[in-house]
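Worksheet: one structure, shown below.
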Amino acid sequence: MTITLASTLAGLALVDSPSFGTLLVPIWLMLTPGRLHPGRIAGYLVTVAAFYFCVGVVLVLGADTALDAARRVLADIPSIPLRVGQLVLGILVIALSYRLEARARRQGDTPGRMRRWRARAMSGSGSFGGLMSLALVAAALEVATMLPYLAAVGLIADADLAPHLTGAALAGYCVVMTVPAIVLAIARIAAHDKAEPLLCRINDWVTRNSARALGWTVGGIGIGMVLNAIVSLLVDRS
């Protein structure tokens, strides 16, 4: 493996690190009032990294076949119908965001239940399997949207590395991707007493606005899809 490839992969991993599963959910877990149990946050991050490693292995092994199949499928679909389908899907995602926000508001006590589950999971009294399930769901939901990760997998596949180097490159990428969350967790543990009041205030704000944030997140994805489809349609017609 060349230094250029290694540095490129490290850069892509750092770009990937502020994602939903690798940083936002860990921060939410770290906001749990009380002393943070290192084993719980470590278990979450290890599960996320292991998931991405396994996905990367599958993609590298079948990258050429999968890319060729995708190109053949997309080549048979005219550009305008493809973009119109994307536009419709984006509108449906925006509509879904309103539905999710309305349902979360109707449930009322959902933030309270989530806080209690998080407190049990992070204190050690709750199921560790539930924490692993959260990690797997978070990683699975966003893996297809993590373009730097997919680009890194493509670079590793194109590099034609030996199997052990391929595994090492994927493992290193997944570790670097979790570094910001690890640094924050260490800071949270080291500065527990000083950080507690601020973390409690942030936690209260997050839980009060969780329903609205869910709608904004999903709606933002839909808006991005719609805008991309509109721009592509205008370019195709010009």
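If you take the residues in the stretch 25-51 that are surrounded by fewer than 20 Cβ atoms within 10 Å (Cβ to Cβ) and small (Gly, Ala, Ser), which one is modelled with the highest pLDDT? Checking each candidate, the answer is Ala50. Going residue by residue through the stretch 219-235, is there one that turns out to be in a helix (DSSP H, G or I), at pLDDT below 70 and among the aliphatic types (A, V, I, L, M)? Yes, the stretch 219-235 contains at least one residue that is in a helix (DSSP H, G or I), at pLDDT below 70 and among the aliphatic types (A, V, I, L, M).
Residue-by-condition table, conditions (1) at pLDDT below 65; (2) within 19 Å of the chain's Cα centre (by Cα); (3) under 25 Å from Val48 (Cα atoms):
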{"position": "Leu96", "(1), (2), (3)": "no, no, no"}
{"position": "Arg113", "(1), (2), (3)": "yes, no, yes"}
{"position": "Val143", "(1), (2), (3)": "no, yes, yes"}
{"position": "Ala157", "(1), (2), (3)": "no, no, yes"}
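Within the stretch 52-69, the presence of at least one residue that is over 30 Å from Leu227 (Cα atoms), at pLDDT 85 or above and of a type outside the set (A, V, I, L, M) is confirmed. For the stretch 11-21, filtered to residues that are of a type in the set (A, V, I, L, M) and more than 15 Å from Gly56 (Cβ to Cβ), the residue that is surrounded by the fewest Cβ atoms within 10 Å (Cβ to Cβ) is Leu14.
The values are calculated or read from the model by the stated rules, or taken from the named source; none is laboratory data. Source: prediction; values computed, not measured. So basically every Cβ, Gly included, is an ideal-geometry build from the backbone, and we count neighbours across all protein chains shown.
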